[in-house]
Amino acid sequence: MKRTYSKWTSIALIAAIYLLAGVIGAFVFFSRPSILALFLADVVATIVVWAFGLLYENVSVYDPYWSVFPPIAFLLWAFYAGWSLPVILLLIASWYWGWRLTRNWVITFKGIGHEDWRYTKYRSLHPALFHLINFFGLNMVPTLVVFAAMLPGLKLYEAEGSLSPVSVAVLILGFIVCLIAPTIQLIADKQSHDFRAAHPGEVCNVGLWKHGRHPNYFGEILFWWGIWIMYVPFGGIDWYVLGPIAMTALFLGISIPLMEHRQLANKPAYAEYKKQTRMLI
């Protein structure tokens, strides 16, 4: 039976869980600091969060992990690997992005007794396989995709020497993209929340939502491409581009189809909105 707590008690519990996961992850990282150790710390922290999700029978315990780990990891890596202009810009961008996403989670979070509809759907459709889906698909795969998308940012710490004007220009371009992305999400959040409050059950088609069906997802994808753009002057176009590609594929192949299927089932007007409005841009 799921435990029921108030919203703010639930947030305090989530914070305590994440603090424990962070302490254990930090121990793994500082045992022998390296990108591999940071990756292992990420995996171990995810397992801690997953375990508490089992305890509370709620996969949504993992939800804020997406926005909490990258800014903290980038900051942790800075204390180990050093500071530079690219690192400072990366930290500003990642903490702004993390603040926006975590803020939206706090606003929409209903308490530890409430599980996101995506997870309850998997529970009902695949009861025999749910624990495998939960561990790998709902917890570990997002962690791995996010870490892959973080790699171009982590490689920024290796940038050495003076920067050429072209390198600085591309770096700033990527930084600007990283700032625009969460700003788009912030605006989309406000427009969606206001519209739903005024028009419950209707399809939000105002502001950014008039020009794209998923402006918040578009902003998320754009942020990780912005980090990759920041990396390009130092690493060129190499295999690290697979990080933002994987992130894009996650949204195009899983997150957006799931959301659209739900919208089509619950809101008859969404079919017409889908015909008239682009997916992302």
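List of remarks:
- Cα shape, the chain, gyration tensor, a/c 1.5 rule: oblate
- Lys, Arg +1 and Asp, Glu -1 on Cβ, resulting dipole of the chain about Cα centre, debye, nearest 20: 760 debye
- Packing order of peptides 51-64, 213-226, highest average first: 213-226, 51-64 (average count of other Cβ atoms within 10 Å over each peptide's residues).
- On region 104-205, 67 percent of the accessible area sits on carbon and sulfur atoms, based on a 1.4 Å probe.
- In this structure, Leu55 and Val241 have a Cβ-Cβ separation that, at R0 = 41 Å, corresponds to a calculated FRET efficiency of about 0.60.
- The lysine pair tally for region 145-281, using Cα distances under 26 Å and a gap of 8 or more places or different chains, is 8.
- Placing unit charges on the Cβ atoms only, positive for Lys and Arg and negative for Asp and Glu, gives region 151-281 a dipole magnitude near 540 debye about its Cα centre.
- Computed from label points 7 Å out along Cα-Cβ, the spacing between Val168 and Val206 is 4.4 nm.
- Shape of region 188-259, Cα gyration tensor, a/c cut at 1.5: prolate
- Counting only protein heavy atoms and a 1.4 Å probe, the chain has 49 square angstrom of accessible area per residue.
The values are calculated or read from the model by the stated rules, or taken from the named source; none is laboratory data. Values in this document were obtained by computation on a predicted structure and should not be read as measured data. Counting neighbours? That spans all protein chains shown, and the Cβs are built from the backbone with ideal geometry, glycine included. What goes into the accessible areas is simple: the full protein's heavy atoms, side chains included, and nothing from ligands, DNA or RNA. Shrake-Rupley method; radii C 1.70, N 1.55, O 1.52, S 1.80 Å.
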